[in-house]
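For reference, the structure discussed in these notes is given below.
Just so you know, all these numbers are worked out from the coordinates, no wet-lab data involved. Remember, it's a predicted structure, so these values are computed and weren't measured experimentally. All Cβ positions, even for glycine, are placed from backbone atoms using ideal geometry, and neighbour counts span all protein chains on display.
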Amino acid sequence: MLKKLLFFLILGILFTACESEYSKVVKAELKSGEIHEDLIFGMKMGQTRKEFFDICWNLNKQKLVAQGPGNQFAKHIMVMDSTIADSDKVEMLFYGIFDKQKVMHGMHMKMSYMKWSPWNETYQSEALMEKLREKYMKEYSGNPFIEIKLDEEKKAYAKVDGNRQILMYPLSNKDVTVKIQDLRKEHSLSM
């Protein structure tokens, strides 16, 4: 009996020790009950696809967004640092993440430097990820980004505050994918 108890205790400790820092943060943040619904441009999780399009239409009238390539994304030219006269500009393509009921539970973005070229390391996706991490820490204060692995070769960064996760990873040497997601929706689907 004592051997079985000791075996299960050791097994439990090993299982807990193997759990990643990321998994621990996600569990703790979801358990906190803290709710963050802010996305970009005043959009919020829980809005409908129609509300998303209405906001984009108004942003387009203000010349803040335009139609993106293939009519699959809205496009915004983002200034990385508004305090610098000739700040680097980033093309941000974005579209809401919707469920079957057309309710938005996140935002999918693809970003790249306007000055990107294959030979200039200053404007590669890795450099952009560093700037984006700084930007999102200022805009969405709270927990720091955690480095995680998506697969054997690709590293990513995740920032989890309550139900909201900001995930970013290089899509290529030019593009960075950024997803802001409601983890309550993600975890209810996977449970």
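Odds and ends about this structure:
- Loop-located GluC sites (Glu not before Pro) in segment 90-191 whose Cβ has at most 16 other Cβ within 10 Å (DSSP): 152, 153
- With the convex hull constructed from alpha-carbon coordinates only, segment 20-190 shows a mean projected area of 11.0 nm² over all directions.
- In order along segment 100-111, the Karplus-derived 3J(HN,Hα) couplings, from 6.51 cos²θ - 1.76 cosθ + 1.60 at θ = phi - 60°, round to 5, 8, 6, 9, 7, 10, x, 9, 9, 10, 10, 10 Hz, and Gly and Pro are given as x.
- Paramagnetic label zone (point 7 Å from Cα along Cα-to-C-beta, residue 185; backbone N under 20 Å) in segment 102-124: 102-111
- You can think of it this way: the chain between residue 79 and residue 31 has 13.7 nm of extra reach, that is 0.36 nm per residue less the Cα-Cα gap.
- The string of couplings for segment 44-53 from the Karplus curve (6.51, -1.76, 1.60, θ = phi - 60°) is 9, 4, x, 6, 8, 4, 4, 4, 4, 5 Hz, one whole number per residue in order, with x for Gly and Pro.
- Extended-chain gain in nm, criterion 0.36 nm per residue less alpha-carbon gap, residue 23 and residue 138: 39.0 nm
- Approximating the spin labels as points 7 Å out from Cα along Cα→Cβ, the residue 108-to-residue 150 distance works out to 1.2 nm.
- In segment 32-135, the chymotrypsin sites (Phe, Trp or Tyr not before Pro) that fall in loop regions by DSSP, at most 14 other Cβ within 10 Å: 119
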